[in-house]
Amino acid sequence: MSRCSPVTQPPQRLSMDTLAALCDILGCGVQDLIEVVVVDEQVRKSGTGGGAEPAAPAPMARRTTIRRPGQT
């Protein structure tokens, strides 16, 4: 099996059913398709979202009343 290039972007979702089907079709195990590499790198967190896009505004608070069954 040829070696694939490393993933350089955030991982996308893959359902377990799809992964199992790929393993069955290719006759291999999960470890043959996915290689986990741990990178010891500190990420600076600013607490402001840090991305190019502005942080979404906080949702508005909404008052609610909790009623017990039979109470109006």
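Residue count for the range 35-47 satisfying the condition of being open to solvent by 100 Å² or more (accessible area, probe 1.4 Å) and modelled with pLDDT under 80: 3.
Among the residues of the range 23-34, not a single one is at pLDDT below 80 and assigned to a loop (DSSP other than H, G, I, E, B).
The values are calculated or read from the model by the stated rules, or taken from the named source; none is laboratory data. Since this is a predicted model, take the numbers as computed values, not measurements. Note: areas computed on protein heavy atoms with side chains; ligands, DNA, RNA excluded. Shrake-Rupley method; radii C 1.70, N 1.55, O 1.52, S 1.80 Å.
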